[in-house]
1. If each residue of separation counts as 0.36 nm, what is the full-extension length gain between residue 48 and residue 33 once their alpha-carbon separation is subtracted?
2. How much accessible area does residue 57 have with a 1.4 Å probe, in Å² rounded to the nearest 10?
3. To the nearest 10 Å², what's residue 55's accessible area with a 1.4 Å probe?
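The values are calculated or read from the model by the stated rules, or taken from the named source; none is laboratory data. Since the model is a prediction, treat every value here as computed from it, not as a measurement. Just the protein is used for accessible areas: all its heavy atoms, side chains included, with ligands, DNA and RNA removed. Shrake-Rupley method; radii C 1.70, N 1.55, O 1.52, S 1.80 Å.
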Amino acid sequence: MADHSRHRAPRRHEPGEGALTTLIRIPVRLVVLVLVLPVRMAGDALTALRHGADRVLLRPLGRACCGWGRRWSRPRWPGCTPGS
C-alpha cells in the first residue's frame, strides 16, 4: 500500500498570514472579479472596435474625401490656378 502520511489537507491561508488577511483578501478578489474585470474587457472591446472602424471605415472615407477634394480643386481651364 502507498504511504499517505506525507499528504496533508491544504491550509486555509498561506503561511505567515493571519486569518484577518485572508478575510480581507477574499472580498477584494471578488470585487476585482465582479467589477474590474468586466470594465477592463469592455475597454478592450471598445479599443478593438475603434481600430477596426479606423481600418474599415474611416481610412477609406478619408481617402475618398481627399480624392473628391483634389478633383474639385483642379483648375478647369489651362493656365487657371485655384485661388487666383
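1. Working: separation 15, 0.36 × 15 = 5.40 nm, distance 2.18 nm.
Gain on stretching residue 48 to residue 33: 3.2 nm.
2. It works out to around 110 Å².
3. 150 Å²
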